[in-house]
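Written below as structure tokens is the structure these notes are about.
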Amino acid sequence: MSHFSADHDLPARVLAGLQAASVSPQDRLILAVSGGLDSVALLHAVCRIRSSRDQLAVAHLDHGLRPSSIEDRRFVERLASQLQVRCIARSLAPDHLKTQPGSREEAARAARYEFLQEAAAEFACGTVVTAHHRADQAETVMHNLLRGTGLRGLGGLRIQRPLTESIRLVRPLRDVSRSEIQRFVADQGLSHCVDESNADTTFTRNRLRRETLPQLQTFNPQLEQVLASLADQAGAAVQIMDEFALILLRQCLLEQQPHVVRLHREPLCQLTDAARRHLLSLLWSQQRWSKQKLTADHWHELSQLLRHSHGRLDLPGSVCATTTAQMVRFIRADPQAEQFDAG
């Protein structure tokens with residue numbers, strides 16, 4: 001499978017990305033395909049490096065937000081059929097997202113990841129592959145920076161992360177530029193869909209992509225690479241810090257359930273504020289609780305709460321923290337409040 005050798009050969013880049021994520025040639029893969037340029041390129045590239053189509057499937061969710069979205073679904077279904085790949089496609093009810101908590105962006109994202117888990121389970125597959133690329137990485141780092149999510153947020157998109165205990169998300173294009181993807185699509189003459197809602201700058205990420213990042217690139221044309229490099233450095237630093245925080249967390253742990261965690265308070269009080277905050281961030285990651293709306297102020301308030309013997313703090317994501325003289329307890333009251341993090 002190593003016959004794709006050119007540095008700018010997209011199938012070779014995808015193969016390298018899958019190998020970096022420890023995906024073996026025998027692993028079943030389900031590809032998230034919207035019908036847009038990036039995911040269509042991903043699908044064609046994977047089909048080039050995988051001769052057995054029985055091990056591949058396409059997952060497509062029609063959010064029902066645009067009149068043309070049903071055409072995107074039909075396009076993806078036809079494409080999958082042409083490539084002899086199974087397609088698992090679903091359409092949400094027109095008003096489904098309006099009834100969900102949070103913004104429309106957050107609701108759409110939560111629905112998408114829930115669907116990908118269901119599709120992976122249906123296909124008996126443990127690996128979901130998405131088409132996130134280097135521009136998405138830069139956008140995520142900038143978005144997290146503006147939200148004040150700290151060093152972990154600066155790590156951006158990891159090349160792989162767990163979706164559930166048995167399903168992981170893999171991003172083999174994470175370090176590939178969009179120009180490389182566009183060149184592959186143009187060279188191969190591939191058709192794809194265009195989502196007109198990507199031009200709507202009322203959405204935060206669209207505004208970042210179309211206005212903020214291009215403006216910043218006038219100061220440094222290499223901004224995308226700079227932010228991707230920053231993410232790599234931050235990710236490496238967080239990994240080292242996590243190793244130490246994990247040791248401390250185990251020393252404090254009294255109880256750890258999906259919706260309840262209890263910790264010894266005294267060892268936490270002996271830590272610096274920075275160490276406490278990192279330990280708490282690691283705990284949130286372990287619990288797979290939402291960090292979507294947690295700001296630097298929230299982490300600081302939570303860290304300070306742990307120094308007091310009797311206190312309470314309600315946090316975004318329906319998590320409540322309470323302290324006693326001996327213990328700190330976290331309860332996530334509403335399981336439906338969980339959202340998936342970008343990382």
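Just so it is clear, none of the values below were taken in a lab; they were calculated from the coordinates. This is a predicted model, so every value here is computed, not measured. Glycine gets a Cβ as well: all are built from the backbone with ideal geometry, and neighbour counts include every protein chain shown.
Need one number: nm distance between label points at Thr204 and Ser229, each 7 Å from Cα along Cα→Cβ, rounded to one decimal.
2.8
Once amide H atoms are built 1.01 Å from N in the peptide plane, which residues 5 or more positions from Met327, or in another chain, come under 5 Å H to H?
Placed amide hydrogens put Arg265 under 5 Å from Met327.
Amide H to amide H under 5 Å from Gly35: which residues, 5+ apart in sequence or cross-chain, H placed 1.01 Å off N in plane?
The answer is Val40.
Mean residue ellipticity at 222 nm from the helices of the chain, using -39,500 (n - 2.57) per DSSP H segment of n ≥ 4 over the full residue count, to the nearest 500 deg cm²/dmol? Before the final figure, lay out each step's value.
Numbers: 13 runs with 155 residues, N = 343.
Value at 222 nm, helices only, nearest 500: -14000 deg cm²/dmol.
Return the sequence-ordered ³J(HN,Hα) values of the range 130-145 in whole Hz as given by the Karplus equation 6.51 cos²θ - 1.76 cosθ + 1.60 applied to θ = phi - 60°, using x for Gly and Pro.
Going residue by residue, I get 10, 9, 4, 10, 5, 5, 5, 4, 4, 5, 5, 4, 5, 4, 5, 4 Hz, with x marking Gly and Pro.
Counting only DSSP beta bridges with both residues in the chain, what percent are antiparallel, rounded to the nearest 5? Before the final figure, lay out the partial values.
Working: 21 of 36 bridges.
Around 60 percent antiparallel, to the nearest 5.
Taking the Cβ-Cβ separation of Gln251 and Lys293 as r and a Förster radius of 41 Å, what is the calculated FRET efficiency to the nearest 0.05? Before the final figure, lay out the partial values.
Values: r = 29 Å, r/R0 = 0.72.
Efficiency at R0 = 41 Å is approximately 0.90.
What is the spin-label model distance, in nm, from Glu243 to Leu216 if the labels are put 7 Å beyond Cα along the C-beta direction?
3.0
From Cα pairs below 8 angstrom and at least 6 apart in sequence, can you work out the relative contact order of the chain, rounded to a whole percent? Mind dumping the intermediate values first?
Details: 534 pairs, mean separation 54.8, N = 343.
Rounded, it is 16 percent for the chain.
What's the ranking of 106-118, 33-45 by average number of surrounding C-beta atoms within 10 Å, highest first?
Numbers: 106-118: 18.5, 33-45: 23.9.
Put in order of decreasing packing, that is 33-45, 106-118.
When Rg is the radius of gyration of the Cα atoms in the range 243-343 and Rh is its Kirkwood radius, what does Rg/Rh come to? Before the final figure, lay out the partial values.
Values: Rg = 12.4 Å, Rh = 13.5 Å.
The Rg/Rh ratio comes out at 0.92.
Could you go through the range 225-236 in sequence order and give the Karplus-derived ³J(HN,Hα) for each residue, using 6.51 cos²θ - 1.76 cosθ + 1.60 with θ = phi - 60°, rounded to whole Hz, and x for Gly and Pro?
For the range 225-236, the Karplus-derived couplings read 5, 4, 5, 5, 5, 4, 4, 4, 5, 5, x, 5 Hz, x marking Gly and Pro.
Quick check on the chain: what does the Kirkwood estimate of hydrodynamic radius come out to from the alpha carbon pairs, in Å?
For the chain, the Kirkwood estimate is 21.6 Å.
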